[in-house]
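Contents: one structure, followed by commentary.
The values are calculated or read from the model by the stated rules, or taken from the named source; none is laboratory data. Note that the structure is predicted; figures quoted are calculated from it, not measured. Here the Cβ is made from the backbone with ideal geometry for all residues, glycine too, and neighbour counts use every protein chain on show. Please note that ligands, DNA and RNA were not included when accessible areas were found on the heavy atoms of the full protein model with its side chains. Shrake-Rupley method; radii C 1.70, N 1.55, O 1.52, S 1.80 Å.
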Amino acid sequence: SPWAPGPSRPRGRAGMVASRSGLKPFVVYDDGMLAHAHIPHLQKKHPEKPSRITTVRTALEAEGLLARCDCTSVVPRPATDDEVLAIHSREHLDEVRRITQEVASSPEDRDIREPDGPGGIYYSPGSYAAAKLATGCVIEAAKRTLEVAAEQRAAQADPSPPFTPVAFALVRPPGHHAGYDDTPGHRAEGFCFFNSVAVAAAVAVRDLGVPRVLIVDYDVHHGNGTEKLFWRSRDVLYLSLHRFGRNFYPETGAAEDVGEGQGAGFTVNIPWAHTCATDGDYLAAFHLLVLPIARAFDPGLVLVSAGYDAAEGDVQGGMRVTPSGFVQMTNLLRGLCRPMVLALEGGYNQLVTARCVAAVVRGLCKEEHAWARARSPANGAAPASPAGDSDAGPSPGPGPFQGLGEEMLGSVCPQAEEQIRACIAIQQAYWPVLATDEHIARVEQLFEANQYAVPSHLRMSQRHAGGGGGGGGESGDKGRKRGAQCEAPAGAARSGSGAGASAAGA
């Protein structure tokens, strides 16, 4: 089995990881995370279930992607108490352990199992162990990518950029809501027990000598736990793209929420006040906000809260990001040339999530293949991509919008353009790169191309968009066509903490 732990990690000359594994993306998974499961007759109806990750694993195996990855070098293990306590409180850790033990003693007591009521987070006899295992997997993936990067720097003999290691942590339960609510009995929320990505970031800073960690969260739900845990920190930059408004869970993540104290400016929220956001909306935000800020921050490690509930076909999110869109976002982050770990968060249409993860992993394999070909002395031409990489998206090209095809340049929804401009205006006070003449010209260049109608294959019908949200004040054919694509939720100007939020999780 590709998941079986192997012998000691193979090494080549100068301490480098042997090329056979060193050029492959790492994948980490463990069946122990399946132990977290609801009462059988309730499990089928609950979106956060063990089959979320087994379906993905099966898809990766069926497509031959695991054979193209290193599935043994990152050895799964539970996080230690000390690692969890690097960011969570002792009360949080003890509460998850205690409620898990109570459920094991009274497995049919739904008041204990479901502290937030039916449909929300549930405890099971395996919750504590599964959550610690998921967290440990993300920590180990971060450690391994940092270790390989250090070995490469030590052995680097030429000035060309080294291959940057990347890992995908196929984990559950998700984590990015954990750490927000400190109410006794409710510290775990939104299907999340421990914030795996936040713990890995804190451990990287505290124990691994990483000066700065970037967390990018493209789950459709705002990672309120991650935001709160690093609200006053300047060592970790949290950057989130998420749906916002109309009581959409968790009702946090306004663009004006930027952190406090020394952490002011180190929280960057890009809230979508419309449904049906597409690849073009997300990629425009990446080019105009995510990448400029990330480069200025200059992280030593990139962690991605990789939720796929913004994917087209996941009814919880109501968005329209394609597998190719997720691949392109991932490839743009790889362009930072920093060790990177993607950790699964949400995604509740299991087949859609499996397609998206498979596309992302396939794209990572393509990148490693291209790097190996480019490094080969016998290869003077541009590396060819292997067969079957149809989801990898457009290849990066010249110009300021690398990887953003012409069809994407004309497909930014008016509501998305308005929100991106508003976020840029807010973040300019903290990130001067956004206020430069060059960047302002880049913004206008991208949106100038938006005079064209949304391509028919990306356009949302009036019926699916709930009648459309209008053209954002536009008139004529452009406004009508774009109004069919987007719907702006009522009351989306700013989040609140009312009780009408959905019980949906990560």
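As a calculated quantity, the FRET efficiency between Ala296 and Gln101 at R0 = 60 Å, using C-beta atoms, amounts to about 0.85.
Each Lys or Arg adds one and each Asp or Glu subtracts one; over the other residues with Cβ under 13 Å from the Cβ of Glu260, this totals 0. Take every Cα pair under 8 Å whose residues are at least 6 apart in sequence, average their separation, divide by the length of the stretch 60-133, and the relative contact order is 29 percent. Each peptide in 57-64, 297-304, 86-93 was scored by the mean count of other Cβ atoms within 10 Å over its residues; highest first, the order is 297-304, 86-93, 57-64. Accessible surface for the stretch 126-264, divided over its residues, is 27 Å² per residue with a 1.4 Å probe. Ligands, DNA and RNA left out, the accessible area of the stretch 197-347 computed with a 1.4 Å probe is 48% carbon and sulfur. By its C-alpha gyration tensor, with a ≥ b ≥ c as the square roots of the eigenvalues, how is the stretch 44-157 shaped: rounded for a/c under 1.5, else prolate for a/b larger than b/c, else oblate? Judged from the Cα gyration tensor, the stretch 44-157 comes out oblate (a/c at least 1.5, b/c at or above a/b). Packing, as the average of other Cβ atoms within 10 Å across residues, places the peptides 424-431, 235-242 in the order 235-242, 424-431, highest first. Considering only Ile99, Ala37, Ala86, and ranking their Cα positions along the charge dipole of the stretch 15-102 that arises from unit charges at the beta-carbon of Lys, Arg, Asp and Glu, the one farthest toward the positive end is Ala37.
Sparsely packed loop sites in the stretch 178-277 (the trypsin sites (Lys or Arg not before Pro) outside DSSP H, G, I, E and B with at most 14 other Cβ atoms within 10 Å) comprise Arg232. Ordered from largest to smallest accessible area (heavy atoms of protein chains, 1.4 Å probe), the residues Thr322, Thr80 come out as Thr80, Thr322.
Short-range pairs are left out: with C-alpha atoms under 8 Å and at least six residues apart, the relative contact order of the stretch 199-242 is 44 percent.
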